[in-house]
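The values are calculated or read from the model by the stated rules, or taken from the named source; none is laboratory data. Values in this document were obtained by computation on a predicted structure and should not be read as measured data. Methodologically, a virtual Cβ is constructed for each residue, glycine included, from the backbone with ideal geometry; neighbour enumeration extends over all protein chains shown.
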Amino acid sequence: MYNWNLQSDIDNDQIVTEIEKSQIQHDDSSEGIIFRHLLATATANETENPRIPIYVKFPLLESHWRELKSLNPDLYAAARAYYIYARAVNDFDGSSLRINVTVPALRRLKHEVLETGSKTATAIVSVWLSMELTLANPIQAINELEYALPHLPARASTRTLENALSSATAHEWLRIAFTELSVPSRAYFHSMTIIKQSSLNDGSVTWAYFTSIDSLLLQTKYEDALLTSNRALEFVKNRNSELEMFLILYQKLRVLLMGFQQTRDSEIRSVINKMDTIDTVQIKTQAEELFYLYQSYKAIAESDENLLSKAIEQYKKAMLESLPSTEFRAEHLLKKELELTRIYDAAGNYEKAYEHSKVYNQLLFEKNTEQFKLSSPSLTDGIARDIALARYRQQELAALRDEKIGLSTDKEAMKTTIFALITTILIILALWLWIAKRQSDTLAERDSLTGALTRRAMLKSLKKALKSDSTSCVALLDVDNFKKINDRYGHLVGDEVLTTLTQTIQKRIRKSDKLCRYGGEEFLIYFSDTDQQSAKRILDELNASLSRQKLWSGTDQKFSVSFSSGLLDVNGETNLDTIIKACDDLLYKAKREGRARVAAFSF
C-alpha cells in the first residue's frame with residue numbers, strides 16, 4: 001500500500017507478484033476480506049496512475065473486524081486505523097477537512113483497543129491519531145506521540161502493517177515537530193535515540209545521523225556536529241550506498257563551512273574531492289535538490305559567485321518542479337526557504353539571507369495559523385468532557401447518599417417495602433417463567449433461519465387440519481439449482497434466497513394457510529379450503545414474483561431464482577404419509593419437465 005506508484009525499494013511489478021503469491025484475492029477469511037478492502041481503498045481515488053490490482057468480493061462487516069481483534073489486537077488496531085484514514089482521504093479528496101471525521105473515529109478506536117489490554121495496539125492508534133492531529137493541533141499531536149512512544153513496536157526490516165508507524169517514525173516526527181517549534185535540543189535527542197535504539201544496519205540510521213547534525217547546526221554546536229558527522233561517515237562506509245555517503249559528506253561540508261571555514265580549508269577541499277568522485281547521475285536521480293545544494297556549498301568554498309548563482313537557481317527550479325507531487329506542500333516550501341537562508345548566510349550575503357529568513361518565518365506563521373484554524377471544540381474541548389463526567393459522578397454519589405439517608409430514617413417502612421418487593425418479584429418471576437415457556441414452545445415450532453414452521457410442527461398441525469377440512473391442497477416446493485447457487489455465490493447468498501422465498505410466500509398466502517421449511521431448500525404449503533386451480537394460480541404467481549428479484553445483498557452479481565412444486569388436491573385424504581409421498585412424486589415430475597413449474601394431481 002505504502003510503496004505503490006512510488007520510487008522505493010519495491011516497484012509495482014514486484015508488489016503485484018507479492019499479491020499473487022500471497023493468494024489474498026482467494027482468501028475469504030475475515031483477515032483476507034479486510035486486507036482486500038485495505039488494498040482496494042488505498043488507491044480507490046487514483047486517476048492518473050494505476051490502481052492496486054485487487055477487487056472486493058464481499059462487503060466488509062463488523063463481524064470481520066471483531067474476529068481480527070480477537071485473533072490479533074495489534075494488527076486490528078493498525079488495520080482499522082489505516083482504514084479510517086484511507087476512507088476519509090478518499091471521501092474528502094485529500095482535503096484536510098477529513099480530520100472532522102478521522103480524529104473522533106480514531107479517538108473511539110483508541111478507547112476500544114484500551115479495553116483489549118494491549119499497550120502496543122493502543123500506541124499504534126495513538127500514532128495514527130497524532131498524525132491527523134498534526135493538521136489541527138500540533139501540541140496535541142506531540143502529546144499523543146509521547147504518550148504512545150514507550151509502547152510502539154521497534155522498526156523491523158519486514159513489511160508489516162503494525163510496523164508501518166514504528167517508534168523510529170515517532171522519534172522522527174517529534175524531531176520535525178520540535179525543530180518547527182525552535183527546540184533543537186529535543187530534536188537532537190530524538191534523532192540520537194533512533195541511532196542508539198536501532199538494531200538495523202539500514203538507511204534509517206543514516207537519515208537519523210543526517211537530522212541530528214542538522215539539529216546541532218541549529219544550536220551552533222559546530223564541534224559536536226563535526227564529531228557526529230565523522231561517526232556517521234564511519235557508519236556509512238559499510239553501507240555500500242553512494243547516496244548515503246553523499247548525504248553525510250554533504251552534512252560534514254556544511255558543518256565545516258558554517259563553523260570552520262577560516263581554519264580547515266584543506267579538510268573542506270578533501271570533502272569536496274570525495275563528493276566529486278561519487279556518481280553524479282545517480283545522485284541527481286535520487287536526490288536532485290540535495291545535489292544542487294551541494295553545488296551551492298561547493299561554490300561558497302571555491303568563492304565562485306557564478307557557480308553559486310547558477311546552483312541556487314537550479315535548486316529553486318528543482319524544488320518548484322517537485323512541489324505539485326508532494327503531499328506536504330507547506331513543509332516543502334519551508335525547507336526551500338530555510339536552505340536558501342543557510343546558503344546565503346554561509347556565503348556572507350546577509351541581506352539575501354535575511355530576506356529568505358523573513359519568507360521562512362511568514363510561511364511558518366501561515367502554516368501554524370492554518371493548522372490551528374482546523375482545530376475545533378469537538379477536537380480539543382477536553383475540559384467540557386471532564387466536567388460532564390464529574391457532574392455525572394456527583395449525581396450518582398448524591399443519589400446513593402439520599403438512598404442511604406432514606407434507609408436509616410424509616411426501617412419499618414423499608415421492611416414493608418422489601419416484603420412487597422419480594423412478593424412482586426415472585427409474581428413477576430412466575431409470569432416470566434410462563435411467558436418464557438410459551439416463547440420457547442413458539443421458537444421450537446419455528447425454523448431459526450426463515451421463521452417458517454418446522455417439519456414437526458407442520459405435520460402435527462396438518463393431522464388436525466386434514467380431519468376438519470376436506471377441500472384443501474398441499475404443495476411441496478423445491479428451489480431450482482440451489483446447490484449451484486451455494487457453490488457459486490456462497491452460503492450467505494443461499495440463506496438470503498431461502499429467507500426471500502419465505503417472505504414472498506408469507507405475504508401471498510392467507511392466515512389460515514400454513515408454511516413450513518420441510519428440509520434444506522424444500523418447503524411445504526397447506527392451502528385450507530382451496531381447490532386445486534386456485535392453489536396452482538397462487539404458486540404460479542409466487543414463481544413469477546420470485547423471478548423478478550435479481551439483486552441480492554450478499555453479492556454484486558445479478559441472478560433470479562425459481563422453484564418447482566408438486567401440488568396435491570387431498571380431496572378428503574387424511575393419511576399424511578400418502579399425501580407427502582404423492583407430493584414428492586409430483587415435485588420430481590415437475591423437475592423432469594423443466595423446472596419452474598407446478599405438477600398437480602387430485603385424489
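Tabulated data for the structure shown
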{"read-out": "Scope the range 305-342; condition over 13 Å from Glu289 (Cβ atoms), at pLDDT 85 or above and under 36 Å from the mean Cα position of the chain (by Cα); matching residues", "value": "Leu334"}
{"read-out": "Residue within the range 140-151 that is at pLDDT 85 or above, closer than 25 Å to Ala208 by Cα and under 17 Å from the mean Cα position of the chain (by Cα) present", "value": "no"}
{"read-out": "Residue among Glu305, Glu313, Glu337 that alone is in contact with a helix residue (DSSP H, G or I) (Cβ under 8 Å, 6 or more places away or on another chain) and either surrounded by fewer than 13 Cβ atoms within 10 Å (Cβ to Cβ) or assigned by TED's automatic domain parsing to the domain that holds Ile248 (or both)", "value": "Glu305"}
{"read-out": "Per-region count, the range 446-464, residues assigned to a loop (DSSP other than H, G, I, E, B) and touching a residue at least 60 places away in the same chain (Cβ under 8 Å)", "value": "5"}
{"read-out": "The range 489-501 residues that are over 19 Å from Leu524 (Cβ atoms), paired with ones that are of a type in the set (Val, Ile, Thr) and outside any helix (DSSP H, G or I) (beta carbon under 6 Å, 6 or more apart)", "value": "Tyr489/Thr555; Val493/Thr555"}
{"read-out": "Any chance Tyr55 is in contact (Cβ under 8 Å) with a residue 24 or more places away in the chain, surrounded by fewer than 20 Cβ atoms within 10 Å (Cβ to Cβ), in contact with a Lys or Arg (Cβ under 9 Å, 6 or more places away or on another chain) and within 30 Å of Lys284 (Cβ to Cβ)", "value": "no"}
{"read-out": "Number of the condition not met by Gly572 [criteria: (1) at pLDDT 90 or above; (2) loosely packed, with under 14 Cβ neighbours inside 10 Å; (3) farther than 23 Å from Gly451 by Cα]", "value": "(1)"}
{"read-out": "Test: residue in the range 29-42 that is surrounded by fewer than 14 Cβ atoms within 10 Å (Cβ to Cβ) and of a type in the set (Asp, Glu)", "value": "no"}
{"read-out": "Verdict on Leu542 being in contact with a Leu (Cβ under 8 Å, 6 or more places away or on another chain), touching a residue at least 12 places away in the same chain (Cβ under 8 Å) and in the same structural domain as Ser565 (by TED's automatic domain parsing)", "value": "no"}
{"read-out": "Any hit, the range 148-169, residues being small (Gly, Ala, Ser), touching a residue at least 60 places away in the same chain (Cβ under 8 Å) and either surrounded by fewer than 17 Cβ atoms within 10 Å (Cβ to Cβ) or out of contact with any strand residue (DSSP E or B) (no Cβ under 7 Å at 6 or more places or on another chain) (or both)", "value": "yes"}
